[in-house]
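Scroll down for the structure; my scribbles are underneath it.
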Amino acid sequence: MAAARRSTLIVAAIAAALGAAGVAAAAAAAHTDGGGLLATASQMLTVHAAAGLALAALCEATGGPSALVALAIALQTGVALFAADLAARRLFGERLFPFAAPIGGSLTILCWVALSLWAAAALRKPPRNTASAREEIGRDQ
């Protein structure tokens, strides 16, 4: 299996795990008094699970550039850390570790900014004309 394809599948697998955790957090919030923290964790996980699947598709479509894969995994890590801290506060009455939520949230925000910069940089590249590329390959042979 090519490295780019493997990276794409890793991003998708993490996204699926975030989605499962989001649904579980929603169920726990529905059955827990004062489940606001769990509801917030659920929303973050579920939204970012969908974003992770979209990023996996983008990685697949673009050949999985390492910067994009790294950003996707960092984004998912930030969301997981943020949501895990919220869940730990509600379920166990303790933080995951000091500053876990702010670190996870900040990482998530930074990754979204970095993804927007990556997309802007990709827009600056000249479009790839596949018909011209095929003609060039045909002339070279």
By residue number, the members of the range 90-108 that are modelled with pLDDT of 95 or more and either in a helix (DSSP H, G or I) or within 18 Å of R5 (Cα to Cα) (or both) are A100, A101, P102, I103, G104, G105, S106, L107, T108
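Matching residues to (1) over 19 Å from A114 (Cα atoms); (2) surrounded by fewer than 23 Cβ atoms within 10 Å (Cβ to Cβ); (3) under 14 Å from the mean Cα position of the chain (by Cα):
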{"residue": "V11", "(1), (2), (3)": "no, no, yes"}
{"residue": "A17", "(1), (2), (3)": "yes, yes, yes"}
{"residue": "H31", "(1), (2), (3)": "yes, yes, no"}
{"residue": "G34", "(1), (2), (3)": "yes, yes, no"}
{"residue": "T46", "(1), (2), (3)": "yes, yes, yes"}
{"residue": "F82", "(1), (2), (3)": "no, no, yes"}
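Could you list, in sequence order, all residues of the range 86-102 that are free of Cβ contacts under 8 Å to residues at least 24 places away in the same chain and among the aliphatic types (A, V, I, L, M)?
Of the range 86-102, the ones free of Cβ contacts under 8 Å to residues at least 24 places away in the same chain are 88, 92-102.
Correct list: A88, L96, A100, A101.
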Residues located in the range 58-73, provided they are surrounded by fewer than 16 Cβ atoms within 10 Å (Cβ to Cβ), touching a residue at least 24 places away in the same chain (Cβ under 8 Å) and hydrophobic (A, V, I, L, M, F, W, C): A67
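The values are calculated or read from the model by the stated rules, or taken from the named source; none is laboratory data. Everything numeric here is computed off the predicted structure, so don't read it as measured data. Cβ sites come from the backbone with ideal geometry, for glycine too, and all protein chains shown count toward neighbours.
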